[in-house]
Structures are given as structure tokens and as C-alpha cells.
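A.B. asks: Just dropping this structure here.
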Amino acid sequence: MSVSEAAHRSSSRGRALRVTIGLIAVIGAGVGLAYVGTAPLKGETTKTGVRIRTVEPGSGAFIQPVDGVLVEYEGRLADGTVFDDSARHGGPQPMIAGQVIPGFAEALSKMQKGGKYKIYIPGSQAYGANPPPGSPFGPNADLDFDVHIVEIAPNAALMSGAGGAPSSSEPPQSSGQAPQSTPQP
């Protein structure tokens, strides 16, 4: 081997090492960007385990517990079975934000007029261990909802005399719009 061949061999090794390191860096950056880029698809998960994903952002003020809301919704069990939807009740349904199941109330507080959302509510934040008699789901059933906030009536609970959020000694109840066999969120 000549001296010139030996000199070229070490430079080609160095070049191959730099190309390999560069390729690893590009792959790592791609994985990092993909992870960060999918964050909006995952949505926000609260401390209680409620997951809210914004499908279409709304505008204006966020919903408060004393606000009345007109909501289009579809509720599903974990297996995809639809257990209730606003269309069955004639269209968008009125409810007081602080007087629904805890997980739904928590999710509503992160929503705005006109927005469309997907919600996951763990059983502990839905109907818990004792769902209403005749309901289509068992104890601690996890629930999924598609929600569209049609309208918000600020302070509707105060105007109607219904008050805001229920006291801690009373479990949140539905607004009474849906039949007992298919409880509303």
C-alpha cells in the first residue's frame, strides 16, 4: 500500500463516521418532530383523567358552571355503542354546565361557543359505581362523547334560580331533558 492510499483510507473513515452521525441526528429530529406534531391529536388530559380534544375551535369566553349551554352530542360506550345523542331528543339539548356528570362538567369548562370536541370520561368521572337504574351502561363505564357547543347563555343557572354547580354533598345530575332510561351527560 502506498503512502497516498493510507492517507485516503483514514479520511474516508472520518467521512463515513460524519455521515452516520448526521443520519442519526436527522432521524432523531424527525422522531422528535413527529411526537410534538401529534400532541394536538391527543388532546388535553386533566388530573382526573378526562381527555378533551378540540376538533374545531370555538370562540369567546369559556363555559362556566353557572352557564346554560345548548349542546349537540353523541355519547358512546367504550365498545362504540351509542347510548344517547341529542338528535334522539329533537336536536341540541339545553343544560346547565355545573349540573351534569363531573367529567362532562369539567370538559365543558374547556369549551367555547361553536367549538367541536371529542371527550373521553373515565367511569369514576361519569356515573361511577352506581349508574342510574335502567341505564345502558354498567358500573364505572368509561364514556366517549362528540360535542358541539351551539350556544352559551351566561349565568343561566342564576337567572333561573337553579344555582351554579351542585353542592359537594349532592352528586351532579342531568338537566332532566332526557328520559330516565338514557341519562344525559
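A.B. asks: (1) among the small types (G, A, S); (2) surrounded by 22 or more Cβ atoms within 10 Å (Cβ to Cβ); (3) farther than 18 Å from G43 by Cα: which one isn't true of G138, the others all being true?
C.D. replies: Condition not satisfied by G138: (2).
A.B. asks: State which residue pairs qualify: first residue more than 14 Å from E151 (Cβ to Cβ) and inside the stretch 62-75, second residue among the acidic types (D, E) and outside any loop (DSSP other than H, G, I, E, B) in any location, beta carbons under 9 Å apart, and separation of 6 or more residues or different chains.
C.D. replies: As it stands, the answer is E74/D84; E74/D85; E74/D144; E74/D146; G75/D84; G75/D85; G75/D144; G75/D146, since those pairs meet every condition given.
Values in this text are rule-based calculations from the coordinates and carry no lab data. Since the structure is predicted, the reported quantities are computational estimates derived from the model, not experimental observations. All Cβ positions, even for glycine, are placed from backbone atoms using ideal geometry, and neighbour counts span all protein chains on display.
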